[in-house]
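Inspection log for the structure reproduced underneath, given as structure tokens.
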Amino acid sequence: MKRVISVFAIFLITCCLCTPASAAAAKEWTFMVFLNADNNLDSFGVSDMQEMAAGGGSNDYLNIVCLIDREHGPATLNYITKDGPQVVKEMGELDMGDYREYVRFVTDVAKAYPAKNYCSIIWNHGSGWKNANGEMIKGISYDDSSSNHITTNQLTVAMKEIKAAIGQNIEVFTFDACLMQMMEVAYALKDGCDYLVASEEVEPGEGYPYREIIQNFKKGMTAEQVATMIVKQYAASYNGGSAGSSSTTQSVVKCSELDNLTDAINGFAKATMAGDFAAEFKSALNRVQKFYYRTNIDLGHFVALTKASINDEGFQTAANKFEAAYAKAVTYNGLSGYNTKNATGLAIYFPTSSYSFSAEYKDLAFAKNCMWEAMVKDYYKKAAVKTLVADVSRGDMSSLMDYVATANEKNREVSAHVIAKLNFSVFAEGNLDDSTRTNVSNLLNELKAR
């Protein structure tokens, strides 16, 4: 059984003895890293702390504090100096997949190392949204010892508790992890931080170039300048820099603009559902920038592709409003390599097929307050019906057989719509022969059972 030790309790006992003198007074910034290396990233975590030291470590305007939990060892709390990580305390085994551990870390470090501004990094594997073994797993900070992780909804709880404890937003919140720069994740964090920095795509194992980031963390920088600097240094490091050459993404999202962006997405969704643009959406989905998990598409690129192909006045107005809101929300986008050339800064969930859409999506705060899910399912219905009715009317059963074969509990709403439309088309309007009508009836009965 794990022994979870409160960071706060340790600070009460040891802060006066172990905290460097330079950390006693409030500085401009405290840079705090929740480094969950209790997994196959262990060696990268150790080297990243060394990179922070190589970049200069803490100084008269910057504290760098790192909580690292290693794969085959205990967690340690470290104050990073130019001479290397200085262990403040051996922490024992921690469950870094527990959001409460993250809350304790941030709030206690803010008390022990006060600053005007805070930059908080969660370092680990990230998944945004992925389909694994038929179950949707989403979140951050996967702890191999506990098999626990922080979910998207728990991030909202964590940010609320941190804000209440420290009396302010975290100025810069960043994920040094894969696939986390999604609209759904950003929405979960929007009320607890000013700027969000993350990647739409997977990150290489080297992750952030901490030496360059710390070297460029200058006195007097604003939160937006810090966030932008991190993205610039990241992109440069993979564009023939210290980490070599890879196709990467990293962007800055201004969280105060996310409510306006959500409103613009709602307008886009309404305009979409008012028409029938299934063919144009299907074409856009085939061409849009996708990421490691193919259900993650680039939001800005998708809207641009549909806008270029749909000549509807209402749709064009909604798309223009979306692009204006998007430009205000994504304040900087850094790319390297060729495979990510169409990434614009924010991903969103849009599986190509209805049978892949997770029923758990509705539990997200973004899904509850945005019409994106309704728009996606409306597309599934229109696209399926158009193809199936056209094929069946010609006596071609192949597309209906394929649809029935892949149907499952995830797309029952779409299937119910398909059944109603085909029943009307075939049995009320159609002039099909008895054999074809029988085949259709049998397939629809099978579909009902799925």
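Every number here is computed from the coordinates shown, using simple stated rules; none is lab data. Keep in mind it's a predicted model, so treat the numbers as computed, not measured. Every residue, glycine among them, receives a Cβ derived from its backbone with ideal geometry; neighbour counts consider all protein chains shown.
All alpha carbon pair distances within region 374-448 were sorted into 5 Å bins beginning at 0; the resulting P(r) in whole percents reads 3, 17, 31, 27, 14, 6, 1, 0.
Ranked from largest, the principal axis spans of the Cα set of region 333-382 equal 35, 24, 16 Å. In whole angstrom, the chain maps to an equivalent ellipsoid with semi-axes of 48, 23, 18, each derived as √(5λ) from the alpha carbon gyration tensor and ordered largest first.
Dividing the convex hull volume of the alpha carbon atoms of region 167-246 by its residue count gives 91 Å³ per residue.
Could you list the chymotrypsin sites (Phe, Trp or Tyr not before Pro) in region 316-424 that lie in coil according to DSSP, counting only those with at most 12 other Cβ atoms within 10 Å of their Cβ?
On the way: sites: PHE322, TYR326, TYR332, TYR338, TYR349, TYR355, PHE357, TYR361, PHE366, TRP372, TYR379, TYR380, TYR403, PHE424; in loops: TYR338, PHE357.
The qualifying sites are TYR338.
Summing charges over all other residues whose Cβ lies under 10 Å from the Cβ of ASN117, with Lys and Arg as +1 and Asp and Glu as -1, gives -1. Annotation for region 360-443: trypsin sites (Lys or Arg not before Pro) lying in DSSP loop with at most 13 further Cβ atoms inside 10 Å of their Cβ are ARG394.
Computed over neighbours whose Cβ is under 11 Å from that of ALA383, the net charge equals +2, Lys and Arg +1, Asp and Glu -1.
Arrange THR262, THR248, THR331 by Cβ neighbour counts within 10 Å, fewest through most, would you? Mind dumping the intermediate values first?
Details: THR262 21, THR248 24, THR331 17.
With the fewest neighbours first, THR262, THR248, THR331 line up as THR331, THR262, THR248.
With coordinates expressed along the principal axes, the C-alpha atoms belonging to region 324-445 extend over 61, 33, 25 Å, beginning with the largest. Computed over all pairs of different Cα atoms, the Kirkwood value for the hydrodynamic radius of region 269-316 is 11.2 Å.
Among 185-194, 221-230, the peptide with the highest mean count of other Cβ atoms within 10 Å heads the list, and the full ranking is 185-194, 221-230. Can you give the percent of C-alpha pairs in region 149-293 whose distance is more than 26 Å? Above the 26 Å cut-off, region 149-293 has 37 percent of its Cα pairs.
With charges only on Cβ, +1 for K and R and -1 for D and E, what is the dipole size of the chain about its Cα centre, in debye, rounded to 20? Display every interim value, and only then the final one.
Values: 42 positive and 52 negative charges, 127 e Å.
Computed about the Cα centre, the dipole is about 620 debye.
In debye to the nearest 20, how big a dipole does region 374-448 give about its Cα centre with +1 on each Lys and Arg Cβ and -1 on each Asp and Glu Cβ? Working shown, then result.
Details: 10 positive and 10 negative charges, 64 e Å.
Dipole about the Cα centre, nearest 20: 300 debye.
Can you tally the net charge around ALA279? Count Lys and Arg as +1, Asp and Glu as -1, for every other residue whose Cβ sits under 11 Å from the Cβ of ALA279. The answer is +1.
With the charge dipole of region 255-359 set up from +1 on Lys and Arg Cβ and -1 on Asp and Glu Cβ about the Cα centre, the Cα lying farthest toward the positive end among the listed residues PHE302, ASN339, LEU285 is that of ASN339. Helix content alone sets the calculated 222 nm mean residue ellipticity of the chain: runs of n ≥ 4 DSSP H residues at -39500 (n - 2.57) each, divided across all residues, give -14000 deg cm²/dmol. Here, region 7-257 is characterised by an Rg to Rh ratio of 0.93, where Rg is the alpha-carbon radius of gyration and Rh the Kirkwood radius. Amide H to amide H distances under 5 Å link TYR142 with HIS125, where only residues 5 or more positions off or on other chains count and H is placed in the peptide plane. Considering only TYR349, VAL389, ASN153, the residue lying farthest towards the positive end of the dipole of the chain is VAL389, judged by Cα position with unit charges set on Cβ.
Farthest towards the positive end of the charge dipole of region 36-195, among the residues ALA53, SER141, ALA115, is the Cα of ALA115, using unit charges on the Cβ of Lys, Arg, Asp and Glu.
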